[in-house]
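What follows is a short report on a single structure.
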């Protein structure tokens, strides 16, 4: 049912732009909307390649593709399509509701649960064991509902250890995180999900109890997400470029993951920030980023590059930076 619903939504919402591969809801962008196909790109890379050395494309608010609001929708492809396209970072935001984790963007219910996300990821990794996934799990607000007996952390562990639907696969596909160990190489992450922990553990637990602590000492983060209007997108682009230059130029000492958000909102719609406004008066962040990467003025890793509505050229511009690590 979930697959049918998302396929129908995608087909209907894309209809006005059916004549263009890089068009969606009337917005046009050479680096947005159309799907790449790189389901096993990590298979070409050496096992000893450090995660921190990779260039990884990903999505912000990954599960919002079927949500009705233009303010809240940040993607146009379902999770299965995103995985097949080569995206390997996913931003998953959950709220505890009646002892289950449901996926939200702010107060907007996406209609999906954390269980749906896990099953999709585990199924993909079982079919593509060369691949690894980095998943931010964020606690998106206070609990909802009248029947909560679990904390967010306890619900997270239920899906991992106790659920008859997800626990067996979780044992196989969730990375066995050690807070005291160095950040892992790709060989240790193949067929696994590495968590970026953006939720509180128990009062005695470290911020990185289950994975890399969000915005912690093992992360260099760019997330200038508040943009007053489209005319301030230039400021956002400057922040993105500086973050990408830092990722490429810093010493690769395996001390931190570099994450750059290409996404923005508040004074602009997510789709306007990604593709630029419909009148073409401002260049969108996907196009600015893609052109910069393709021009190759600076080589080296990008780190994790987090898009709204990414297209084939944007994804492939990031993936091209991994050529140095081919086996």
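No lab work stands behind these numbers, since they all come straight from the coordinates. Keep in mind the model is a prediction, meaning the values are calculated, not measured. For neighbour counting, all protein chains shown are included, and Cβ atoms are generated from backbone atoms with ideal geometry for every residue, glycine included.
In region 200-269, inverting the average of 1/r over every pair of distinct C-alpha atoms gives 13.9 Å as the Kirkwood radius.
Build a GNM of the chain with springs between Cα atoms under 10 Å: which of 115, 127, 82 gets the top mean-square fluctuation? Highest fluctuation among the options: 127. Can you bin region 21-70 into rounded, prolate or oblate? Criterion: square roots of the alpha carbon gyration tensor eigenvalues sorted a ≥ b ≥ c, rounded for a/c under 1.5, prolate for a/b above b/c, oblate for the rest. Verdict is prolate for region 21-70. Distance between the C-alpha centres of region 93-135 and region 15-88: 16 Å, rounded to the whole angstrom.
Computed on region 87-154, with alpha-carbon pairs under 8 angstrom and 6+ residues apart, the relative contact order is 49 percent.
For a test of the definition: using alpha carbon positions, the gyration tensor, and the 1.5 limit on a/c, classify region 47-189 as rounded, prolate or oblate. Here region 47-189 falls in the oblate category. Each Cα pair under 8 Å and six or more residues apart adds its separation to the average, and for region 238-327 the resulting relative contact order is 33 percent. Modelled spin-label separation between residue 146 and residue 299, with each label point placed 7 Å from Cα along the Cα-to-Cβ direction: 6.4 nm. Volume per residue for region 110-190 equals 126 cubic angstrom (convex hull of Cα atoms).
Its DSSP H runs of at least 4 residues, each contributing -39,500 (n - 2.57), put the calculated 222 nm mean residue ellipticity of the chain at -8000 deg cm²/dmol, to the nearest 500. Want the number for residue 46 to residue 126: 0.36 nm per residue separation, take away the alpha-carbon distance, what's left? That works out to 26.8 nm of additional length.
Cα gyration tensor of region 239-293, axes a ≥ b ≥ c as square roots of the eigenvalues: rounded (a/c below 1.5), prolate (a/b > b/c) or oblate? Judged from the Cα gyration tensor, region 239-293 comes out prolate (a/c at least 1.5, a/b above b/c). Using C-alpha pairs under 8 Å with a sequence gap of at least 6, the mean separation divided by the residue count of the chain gives a relative contact order of 25 percent.
Here the ratio of the Cα radius of gyration of region 2-325 to 2.2 N^0.38 Å is 0.94. Between 256, 126, 36, find the one with the highest GNM mean-square fluctuation for the chain; connect C-alpha pairs within less than 10 Å. Residue with maximal mean-square fluctuation among 256, 126, 36: 126.
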